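To start, the structure itself, in structure tokens.
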2 protein chains.
Amino acid sequence: MRKVLAFDLGGTKIAFGVVAEDGSVLKSDRVETVASKGPAQAIERAVEGAKKLLQELNLKPIDLLGIGIASPGPLDISRGCVDGSPNLPGWSGYSIEGEISKAFGLPARIDNDANAAALGEYLFGAGRGKRNLVYVTISTGIGGGVIVDGKLMRGANGNAAELGHLTLDIKGPPCPCGGNGCYEVMASGTAIARRTREALAAGASSKILTLAGSVDAVTTHHVLQALAEKDALAVKIWDETTEYLGRGLAVIINTFNPEMIVVGGGVTAAGDVLFTPMRTKALKYAFPRLAAVCTIVPAGLGGDVGVVGAAACAFEAAQKN
Amino acid sequence: MRKVLAFDLGGTKIAFGVVAEDGSVLKSDRVETVASKGPAQAIERAVEGAKKLLQELNLKPIDLLGIGIASPGPLDISRGCVDGSPNLPGWSGYSIEGEISKAFGLPARIDNDANAAALGEYLFGAGRGKRNLVYVTISTGIGGGVIVDGKLMRGANGNAAELGHLTLDIKGPPCPCGGNGCYEVMASGTAIARRTREALAAGASSKILTLAGSVDAVTTHHVLQALAEKDALAVKIWDETTEYLGRGLAVIINTFNPEMIVVGGGVTAAGDVLFTPMRTKALKYAFPRLAAVCTIVPAGLGGDVGVVGAAACAFEAAQKN
């Protein structure tokens with residue numbers, strides 16, 4: 001089976017692994033990023049770690065098709081680097097793609113992490129065989145990637161599709177992006193916690209406070225715990241959350257007319273308590289003709305999504321060459 | 001030069017013409033739709049008219065590459081028909097594509113009118129050579145079409161991209177689609193007139209009322225006339241309009257990362273008084289890295305967009321075969 005090397009860059013760690021063309025991770029490992037010390041030291045240690053992996057697998061670079069790299073955006077894909085990424089401050093302009101490519105003498109392809117995950121879910125995960133697919137991750141923020149007729153939509157400079165910045169409410173809370181009431185400012189994990197803290201600070205009484213210990217310590221996890229006990233505030237916050245999430249998915253359905261929306265990210269650990277109302281509301285607000293052909297399903301790759309997504313970018317690039 | 005036959009279906013008329021591969025319309029004509037009398041009579045008369053055109057041009061079907069059809073959506077492209085189109089009531093299920101194809105013995109391709117216009121602007125209009133392009137039409141409603149890496153994004157059943165139903169304000173006015181505060185319910189020509197009438201009905205004094213004669217007669221045209229005289233209500237309405245339009249274009253930039261947005265439709269007759277503030281606001285709300293590579297320009301095809309867009313669908317289909 002053909003194999004690629006894959007790197008999943010993050011602000012705190014870099015995961016890497018060798019991935020086979022069926023999407024299976026043959027071996028993987030990780031190093032700390034120590035992002036504040038700059039890109040060279042981090043990439044150097046990741047490359048060393050990956051070389052060790054290859055040795056352990058008895059592989060040489062020549063046995064690999066190429067290298068895929070998933071990175072936090074925004075990116076400048078023409079130069080193979082990040083461009084003002086808040087998670088990798090000071091890394092702009094350093095050609096991550098070029099340095100990793102050189103270290104192994106192999107072609108490398110960088111894509112932003114949400115786009116890599118979309119490609120991963122399309123080639124190896126829940127979206128296999130779906131030509132028109134949207135991947136949405138609901139986590140600290142909300143991100144996304146879109147497969148149009150079997151190809152990743154990269155846009156003019158690799159920065160499509162910022163689905164976390166679909167607007168829900170132009171009179172809503174300001175978003176660091178400069179907009180207001182963006183999808184992620186209304187419905188991400190961070191937003192769930194913020195809205196709950198605001199309600200508690202405004203005097204709402206709730207089990208959430210007991211569970212969290214203090215207003216500042218509230219997370220989505222506490223909201224879900226209280227929801228299981230039918231706590232009134234938790235029910236209200238969760239209803240709003242699935243309403244916002246459903247509204248956003250309806251916009252995604254109307255915009256892309258996908259066969260499937262794959263939803264991943266930390267918040268989806270909530271399971272059916274999330275998916276059931278979110279799906280109902282999404283299909284309610286979308287055009288019936290478009291809703292009828294779209295299923296909304298949990299991501300299939302789980303914790304491997306970073307490395308497998310990066311690998312998917314390498315397989316896609318290899319197919320083009 | 002290669003040529004195609006093109007049909008532009010509308011609720012009141014059907015335009016048709018012979019279009020050359022440089023996008024020039026060699027000859028065109030139109031018939032009334034009389035939509036209420038059903039599709040067969042309308043398509044029959046349009047086909048007759050088109051056959052007459054071919055005779056006048058001394059052309060036979062064999063001299064043509066194929067046929068393109070632009071139609072109001074929603075469509076079921078797998079069956080070549082409209083599917084619940086409000087502009088063509090009772091037409092659902094009648095294979096417009098199949099009947100026209102049969103009448104000339106040529107391959108035919110149907111697409112919704114906004115998607116056809118997007119392809120027309122990409123192949124022959126303002127967007128020539130731009131691989132990633134979004135077309136937005138601001139008229140009675142708001143519609144759109146998206147070119148991703150040189151190809152029209154059709155989606156799972158041909159109904160991408162309903163850009164008029166991007167959300168701006170989930171607490172805003174209800175939209176017939178089932179959502180609230182959709183782009184077209186906030187910023188279309190109809191919305192401009194509605195918001196103005198609401199302000200007048202609430203007691204605002206304005207030259208608009210004198211110009212229109214009555215509250216019910218107000219249109220975007222009167223707002224623009226009063227705006228030229230710096231009428232306070234017209235200034236307020238127009239500021240809101242360009243704010244809404246700019247916010248929506250920012251979402252489009254963040255979502256598709258296009259090189260260009262081509263804006264057409266009746267409201268764009270306003271010219272710079274529309275484009276200058278709309279562009280400024282769009283670029284203000286979009287991510288800088290994405291805004292930097294995106295220009296926002298008026299449509300290039302003018303009144304021919306319907307027939308030339310339909311022709312573009314035929315040329316694209318022929319290229320694939």
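The values are calculated or read from the model by the stated rules, or taken from the named source; none is laboratory data. Computed from a predicted model, the values in this text were never measured in an experiment. Using ideal geometry, Cβ is built from the backbone for each residue, glycine included, and neighbour counts are taken over all protein chains shown.
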Original post:
(1) within 11 Å of chain A (Cβ to nearest Cβ); (2) more than 26 Å from A:L290 (Cβ to Cβ); (3) touching a Phe, Trp or Tyr at 6+ places or on another chain (Cβ under 7 Å): which one isn't true of B:L227, the others all being true?
Top reply: (1)
**OP:** Report whether or not A:D272 is without any contact (Cβ under 8 Å) to a residue 12 or more places away in the chain and closer than 30 Å to A:V293 by Cβ.
**Re:** yes
**OP:** Pull up segment B:234-261, narrow it to residues that are in contact with a helix residue (DSSP H, G or I) (Cβ under 6 Å, 6 or more places away or on another chain) and more than 18 Å from B:T276 (Cα to Cα), then point me to the one that is nearest to the other protein chains (Cβ to nearest Cβ).
**Re:** B:N257
Original post:
If a residue has to be touching a Phe, Trp or Tyr at 6+ places or on another chain (Cβ under 8 Å) and within 13 Å of another protein chain (Cβ to nearest Cβ) to count, how many in segment B:58-108 make the cut?
Top reply: 4
Subject >> Those strands (runs of 3 or more DSSP E) lying entirely in segment B:1-105 with at least 2 residues without any contact (Cβ under 8 Å) to a residue 40 or more places away in the chain and exposed (fewer than 15 other Cβ atoms within 10 Å of the Cβ) >> reply: B:25-32
Original post:
Would it be correct to say that B:A42 is under 24 Å from B:T140 (Cα atoms) and touching a Ser or Thr at 6+ places or on another chain (Cβ under 7 Å)?
Top reply: yes
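Condition check ((1) buried (at least 18 other Cβ atoms within 10 Å of the Cβ); (2) modelled with pLDDT of 95 or more; (3) of a type in the set (V, I, T)) across all residues:
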residue: B:V215; (1), (2), (3): no, yes, yes
residue: B:L224; (1), (2), (3): yes, yes, no
residue: B:A234; (1), (2), (3): yes, yes, no
residue: B:M278; (1), (2), (3): yes, yes, no
residue: B:I296; (1), (2), (3): yes, yes, yes
residue: B:L301; (1), (2), (3): yes, yes, no
residue: B:A310; (1), (2), (3): yes, yes, no
residue: B:N321; (1), (2), (3): no, no, no
Subject >> Test: residue in segment B:251-262 that is touching a Ser or Thr at 6+ places or on another chain (Cβ under 7 Å) and surrounded by fewer than 16 Cβ atoms within 10 Å (Cβ to Cβ) >> reply: no
**OP:** Would you mind telling me which numbered condition in (1) under 14 Å from the mean Cα position of the chain (by Cα); (2) farther than 24 Å from A:N254 by Cα B:S101 fails?
**Re:** (1)
Original post:
Of the numbered conditions (1) facing chain A (nearest Cβ under 10 Å); (2) within 14 Å of B:Y122 (Cβ to Cβ), B:A311 satisfies every one except a single condition; which is it?
Top reply: (1)
**OP:** Enumerate the helices (runs of 4 or more DSSP H) found wholly within segment B:115-233, keeping only those where 2 or more residues are closer than 27 Å to A:E243 by Cβ.
**Re:** B:183-187, B:189-201
Original post:
Residues of segment B:167-195 being more than 16 Å from A:A286 (Cβ to Cβ), crowded, with 24+ Cβ neighbours inside 10 Å and within 7 Å of chain A (Cβ to nearest Cβ), which ones?
Top reply: B:L168
**OP:** Select from segment A:152-166 the residues that are of a type in the set (D, E, K, R) and more than 7 Å from chain B (Cβ to nearest Cβ) and list them in ascending order.
**Re:** A:R154
Original post:
Which one is nearest to the other protein chains (Cβ to nearest Cβ) among residues in segment A:125-151 that are hydrophobic (A, V, I, L, M, F, W, C) and crowded, with 24+ Cβ neighbours inside 10 Å?
Top reply: A:V148
Original post:
Which of (1) within 17 Å of A:N157 (Cα to Cα); (2) at pLDDT 95 or above; (3) not charged (D, E, K, R) is the odd one out, the single condition A:L59 does not satisfy?
Top reply: (1)
Original post:
Would segment B:196-206 turn up any residue that is over 25 Å from A:P288 (Cβ atoms), of a type in the set (S, T, N, Q) and buried (at least 24 other Cβ atoms within 10 Å of the Cβ)?
Top reply: yes
